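Novice: This is the structure, below, for whatever I ask next.
The values are calculated or read from the model by the stated rules, or taken from the named source; none is laboratory data. Please read these numbers as outputs of a predicted model, since none were measured by experiment. In this analysis, Cβ positions are derived from the backbone assuming ideal geometry, glycine residues included, and neighbour counts consider all displayed protein chains. Note: accessible area is taken over every heavy atom of the protein model, side chains too, but ligands, DNA and RNA are not part of it. Shrake-Rupley method; radii C 1.70, N 1.55, O 1.52, S 1.80 Å.
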Amino acid sequence: MKFNLKEITENLSSLAIVAVLSGGTAYWLSSSKYEQLLEEANAKIARLQEAEHNALVTKRISEQMEDIAFEQKTLSDRQRARAEEQSRIADIERGKAEMERGLALKAEHAAVMSAKQADSMRIVAETESERAVMHMKQAQTAQAHADTLFYISLARSLAQNSIVQLGSGERELATLLSYSGWYFNNSYKGDPYKQDLFTALLGTAPDARSTVGHLLGNVRAMLLCNGHFDNEKHDADLKPNDIVRAMRPFIAVTDYGEIVKITPNGQDNGNGYTFSTLFSDNSHIFRDACMVKDNLYVLDTRGFIMHFDSNSNIIQEPDPIILNNGDNHKRARKFAAAIDDTWMYLEVLNEGELVAAGNRNVVWVDPVNKNVTYTFVTEHDITALGKSGDMLLVFCKGGEIIKFDDHHMHTSILLQLPKEHNVTCYHYQRMEQRHIVGMENGDIYIFDNTGRYLTTLMGHSGRITNIDQFASFLVTSSYDKNVSIWNMSDITALMTPIEVSFRQWPLSFAFDKPAQTLQVGLANGDIETMRISIEKNVESTHRHITREFTPQEWDYYIGGNVPFINFKQQ
């Protein structure tokens, strides 16, 4: 509240005058009244003075407050201005920050996009790298395959050229070509049992094939000495001393009454053979033979079996076993049998019992007591005998097959054989449990142990004369003048055999499995030896290389793009 001091003074003066003027009047009215009024006036004056004082104080305070307020207002204005400036700066900074955050977000987004793009590019790059690696591997595989095909084809070409050079008498060059063909084929894991490769090595290994000797009659039987060798024994079952031992002696039997023992002189090195005649009489017509340990049994077509000691090297006088039941005084008991017959087949059973067969007769013989134990007459003509484990199989015309057990009990069995062709040879694969049946038309049928047909081997054009096996290979001979070697590791595949040709029919052969050597008896009386071991033929061929290829020969037969190899030092 504000007070006007001048106005107050004037009012007081007016009151004083009034008081003076009315003092006399009042005086007389009442001195007490006057005093009362004076007191009230003094009190009022005192209040007014106090109020004036208070007003002055208040004014000063107010002025001071105004000054403070003004100063505060100035300060507040300055602070507001500063705050506004700071706010403006903050707004600017915030704007910058927002802009920078926006830029950062954009940069982050761009970084994320770049990272995603980089991942995509990395994935693409990895995919392309994998593709490139795959293509490189495919290219390498294709190149390796192409190289393999090239070198295997080159090996076959070299082998064929070796055969040509052998035919023209250039044995030195033929040996080089044969070994180099085997080398490239072996380096690229080609099959060594191919016709040209096998033939080339057989021709260039000097001790691989030769004519052992000549007899007067047709060689009807070839047998190995030193016991009956297990035809089904695989290479893995052979002992080391079996593999490195010398070739075994063997016996040749002809239809001119000749029985000759032939003994190799060296350790499978082609150093010649020694012939020892065990029997010779052209009045005898020997047709078949078998070996029981050291005992040799030979079948004469006229109806008796002659016994010889295979260890002997001198002419022996045999004690014949008469097959005709009526004429055999040592018969166990009398059996019905045809009297006139031509005896052609002889088989030994697992217990050592002999079985002979003619056109219609089948006779069981005890070789120890030399007597007939059982006879059987077939309805149809007999074409072959065979043995399947403990069972005897008799093959007859018209597809009839009669099976006999060890008690002479017989049953007829049926295989899917063509009736227009007869069975001429039989072999049982014990390990594989397969029946191998050779026919007169040259076909070879294969059945499993249940009689189910598996496949047919077609390659021969004449009747099959003999069948044997080693490892996974089957060896067959035929009237087509060939001995064939079949790879039986996969009978579902199309099988093309290796064929070895002879000048005459190979009627029989003896197979020395450890030495992998075939002794073949021919219809003209020749006896030839043939080693079918690839490893031994390669070793022998390499041993007889006398020189290296000339640069001109290398370019012509092998090619300048193939690095030169010194085969003599391989």
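Novice: Go through the range 489-510 residue by residue and tally those that are open to solvent by 10 Å² or more (accessible area, probe 1.4 Å) and within 33 Å of the chain's Cα centre (by Cα).
Specialist: The number of residues fulfilling the criteria is 10.
Novice: Looking only at the range 419-430, how many residues end up being closer than 15 Å to residue 464 by Cα and modelled with pLDDT under 90?
Specialist: Selection size over the range 419-430: 1.
Novice: Against the condition at pLDDT below 95, in contact with a Ser or Thr (Cβ under 9 Å, 6 or more places away or on another chain), under 20 Å from residue 208 (Cα atoms) and not aromatic (Phe, Trp, Tyr), how does residue 517 come out, does it pass? So that I can check it myself, show each step before the final result.
Specialist: On the way: at pLDDT below 95: yes; in contact with a Ser or Thr (Cβ under 9 Å, 6 or more places away or on another chain): yes; under 20 Å from residue 208 (Cα atoms): yes; not aromatic (Phe, Trp, Tyr): yes.
For residue 517, the condition - at pLDDT below 95, in contact with a Ser or Thr (Cβ under 9 Å, 6 or more places away or on another chain), under 20 Å from residue 208 (Cα atoms) and not aromatic (Phe, Trp, Tyr) - is met.
Novice: Kindly check whether there is at least one residue in the range 425-436 that is open to solvent by 10 Å² or more (accessible area, probe 1.4 Å), in contact with a Leu (Cβ under 9 Å, 6 or more places away or on another chain) and over 25 Å from residue 288 (Cβ atoms). Steps first, answer last, please.
Specialist: Narrowing the range 425-436 to residues open to solvent by 10 Å² or more (accessible area, probe 1.4 Å): 425-428, 430-435.
Keeping just the survivors that are in contact with a Leu (Cβ under 9 Å, 6 or more places away or on another chain) gives 426-428, 434-435.
Retained after the next criterion (residues that are over 25 Å from residue 288 (Cβ atoms)): none.
No: the range 425-436 contains no residue that is open to solvent by 10 Å² or more (accessible area, probe 1.4 Å), in contact with a Leu (Cβ under 9 Å, 6 or more places away or on another chain) and over 25 Å from residue 288 (Cβ atoms).
Novice: Next up: Among the numbered criteria (1) touching a Ser or Thr at 6+ places or on another chain (Cβ under 7 Å); (2) under 24 Å from residue 495 (Cα atoms), which one does residue 160 miss?
Specialist: (1)
Novice: So, in the range 359-373, how many residues would count as being touching a residue at least 24 places away in the same chain (Cβ under 8 Å) and either open to solvent by 20 Å² or more (accessible area, probe 1.4 Å) or in a loop (DSSP other than H, G, I, E, B) (or both)? Spell out the reasoning first.
Specialist: Looking only at the range 359-373, we keep the residues that are touching a residue at least 24 places away in the same chain (Cβ under 8 Å), and these are 361-367, 369-373.
Next cut, either open to solvent by 20 Å² or more (accessible area, probe 1.4 Å) or in a loop (DSSP other than H, G, I, E, B) (or both) only: 366-367, 369-371, 373.
Result for the range 359-373: 6.
Novice: OK, next. Test of understanding: among 474, 393, 385, which residue is touching a Pro at 6+ places or on another chain (Cβ under 9 Å) and in a strand (DSSP E or B)? Even if it seems obvious, please write down each step before you answer.
Specialist: On the way: 393 fails: touching a Pro at 6+ places or on another chain (Cβ under 9 Å); 385 fails: touching a Pro at 6+ places or on another chain (Cβ under 9 Å).
Result of the check over 474, 393, 385: 474.
Novice: Any idea which residue in the range 452-462 is nearest to residue 507 (Cα to Cα), counting only those that are surrounded by fewer than 18 Cβ atoms within 10 Å (Cβ to Cβ) and in contact with a strand residue (DSSP E or B) (Cβ under 7 Å, 6 or more places away or on another chain)?
Specialist: Keep residues of the range 452-462 that are surrounded by fewer than 18 Cβ atoms within 10 Å (Cβ to Cβ), which gives 452-456, 458, 461-462.
Checking the rest, the ones that are also in contact with a strand residue (DSSP E or B) (Cβ under 7 Å, 6 or more places away or on another chain) come to 453-456, 462.
Numbers: 453: 27, 454: 27, 455: 25, 456: 22, 462: 11 Å.
If we take residues in the range 452-462 being surrounded by fewer than 18 Cβ atoms within 10 Å (Cβ to Cβ) and in contact with a strand residue (DSSP E or B) (Cβ under 7 Å, 6 or more places away or on another chain), then 462 is nearest to residue 507 (Cα to Cα).
Novice: Residue 169 versus (1) more than 27 Å from the chain's Cα centre (by Cα); (2) without any contact (Cβ under 8 Å) to a residue 24 or more places away in the chain; (3) not in a loop (DSSP other than H, G, I, E, B): which is the lone unmet condition?
Specialist: (3)
Novice: Does the range 170-224 hold any residues that are open to solvent by 10 Å² or more (accessible area, probe 1.4 Å) and among the polar types (S, T, N, Q), and which are they?
Specialist: Once the filter is applied, which keeps residues that are open to solvent by 10 Å² or more (accessible area, probe 1.4 Å) and among the polar types (S, T, N, Q), the range 170-224 yields 186, 187, 195, 199, 210, 211, 218.
Novice: If you don't mind, another one. What are the pairs, 6+ residues apart or on separate chains, where a residue within the range 142-156 that is among the basic types (Lys, Arg) has its Cβ under 6 Å from a residue that is at pLDDT 90 or above?
Specialist: 156/196
Novice: A further question follows. Cβ-Cβ distance below 7 Å, separation of 6 or more or different chains: which pairs start in the range 517-539 with a residue that is more than 17 Å from residue 478 (Cβ to Cβ) and in contact (Cβ under 8 Å) with a residue 60 or more places away in the chain and end on one that is surrounded by fewer than 19 Cβ atoms within 10 Å (Cβ to Cβ) and among the small types (Gly, Ala, Ser)?
Specialist: 527/213; 529/210
Novice: Being open to solvent by less than 10 Å² (accessible area, probe 1.4 Å) and under 15 Å from residue 418 (Cα atoms) is the filter; apply it to the range 384-398 and report the residue that is nearest to the chain's Cα centre (by Cα).
Specialist: Applying the filter and picking the extreme gives 395.
Per-residue answers, yes or no, for (1) under 29 Å from the mean Cα position of the chain (by Cα); (2) modelled with pLDDT of 85 or more; (3) surrounded by fewer than 11 Cβ atoms within 10 Å (Cβ to Cβ); (4) in a helix (DSSP H, G or I):
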{"residue": "92", "(1), (2), (3), (4)": "no, no, yes, yes"}
{"residue": "99", "(1), (2), (3), (4)": "no, no, yes, yes"}
{"residue": "108", "(1), (2), (3), (4)": "no, no, no, yes"}
{"residue": "111", "(1), (2), (3), (4)": "no, no, no, yes"}
{"residue": "114", "(1), (2), (3), (4)": "no, no, no, yes"}
{"residue": "130", "(1), (2), (3), (4)": "yes, no, yes, yes"}
{"residue": "135", "(1), (2), (3), (4)": "yes, no, no, yes"}
{"residue": "155", "(1), (2), (3), (4)": "yes, yes, no, yes"}
{"residue": "161", "(1), (2), (3), (4)": "no, yes, no, yes"}
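Novice: What about residue 355, is it among the hydrophobic types (A, V, I, L, M, F, W, C), modelled with pLDDT of 90 or more and either outside any strand (DSSP E or B) or buried (at least 20 other Cβ atoms within 10 Å of the Cβ) (or both)? Give the steps one after another, and end with the answer.
Specialist: Working: among the hydrophobic types (A, V, I, L, M, F, W, C): yes; modelled with pLDDT of 90 or more: yes; either outside any strand (DSSP E or B) or buried (at least 20 other Cβ atoms within 10 Å of the Cβ) (or both): yes.
Here the answer is yes, as residue 355 does meet what is asked.
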